[in-house]
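The values are calculated or read from the model by the stated rules, or taken from the named source; none is laboratory data. As the structure is a computational prediction, the values presented were derived from the model and not from experiment. A quick note on method: Cβ atoms are made from the backbone with ideal geometry, for glycine too, and the neighbour counts reach across all protein chains shown. What goes into the accessible areas is simple: the full protein's heavy atoms, side chains included, and nothing from ligands, DNA or RNA. Shrake-Rupley method; radii C 1.70, N 1.55, O 1.52, S 1.80 Å.
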Amino acid sequence: MSPSVGVVLPTHNRPELLRKALASVLAQEYDGELRAIVVYDKAEPDLTLVSERVDVIANTRTPGLAGARNSGVQALDTDLVAFCDDDDVWLPGKLAAQVKALEAEPDAVLCSSGILIDFDGRELPRLAETDRVTYDALIKDRVMSVHSSTYVARRAALIEIGMVDETIPGSQGEDWDLALRAARRHPIVNVDKPFVRVLFGVTSHYAQAWETKVDALQWFLKHYPEIGREPGAAGRVYGQIAFGCATIGRRRDAVRWAGRALRANPRERRVPFALAVASGVVSGKRVLLALHTRGRGI
């Protein structure tokens, strides 16, 4: 008998996108029980979405994405839980393929899949190019396709490792943190096919929240000191902080973090972008737009 699955969809005032995300979840062909729970964060729940397979609740925990996810997990009693952000879409075959892969690895906490980056109607696949994603791999490289909307997890194991961390500033990177903690126990099982369409760019809840992003990245440096000991990882995170500081006008901090990035990794590609923004040659928004058209982030 196939394990029961509950899908958590956190949302905040994006009704049209949410309905598309929810429809893509309910359209999955799966021979076990499949339910969805929509969690409204700092917004009035839309009870018209309630049906035999759909529950609607408000976030009862810390305001923000992490609290909303955890509210959904706690409200479910299914064997497995999965996440789908309200601006993303599951593609046919996702759930069945991931449940099969997860069942083949009884010690694994989490399963991910590949994604399709959707920017302005252009679709670009992003794959991990492996069927196992280790803790070390996630430290060295964020692994873009290990994305929250791909996650299918054993509910009991997820609760054991602490669910989604609600102390990360603005819930920025909460999916990376969750993946790291899951991978500490057992490598993440990965179905390396693009099973989720991820809407990329200015519609993202975090597209311009750079003050919070800088705080969150420094949270990661504190909680995962391994990042600072791995040259590529350190250069990447320091470079991201430099770019964030430059984007919000903290020029001196941007230069300082850019220097740290170069000392960690002299070839760190984010440094020129950060310094260009800090000097006023180009805006951070314009740099991100150029990167997003290629399915990339900073």
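The residues listed here are ASP141, ASP107; of these, the one that is over 26 Å from ARG19 (Cα atoms) and modelled with pLDDT under 95 is ASP141.
Exactly one residue out of THR78, THR62, THR134, THR130 is within 24 Å of PRO169 (Cα to Cα) and either in contact with a helix residue (DSSP H, G or I) (Cβ under 9 Å, 6 or more places away or on another chain) or of a type in the set (Phe, Trp, Tyr) (or both): that is THR62. More than 18 Å from GLU33 (Cα to Cα) and either buried (at least 22 other Cβ atoms within 10 Å of the Cβ) or charged (D, E, K, R) (or both): is that true of ASP79 in this structure? No. Every residue in region 87-121 that is under 15 Å from VAL25 (Cβ atoms) and either open to solvent by 10 Å² or more (accessible area, probe 1.4 Å) or without any contact (Cβ under 8 Å) to a residue 60 or more places away in the chain (or both), please. Residues satisfying the conditions are ASP87, VAL89, LEU91, PRO92, GLY93, ALA96, ALA97.
Beta carbons closer than 8 Å, at least 6 apart along the sequence or on distinct chains, never pair a first residue in region 58-75 that is within 13 Å of SER148 (Cβ to Cβ) and at pLDDT below 95 with a second that is surrounded by fewer than 19 Cβ atoms within 10 Å (Cβ to Cβ) and not aliphatic (A, V, I, L, M).
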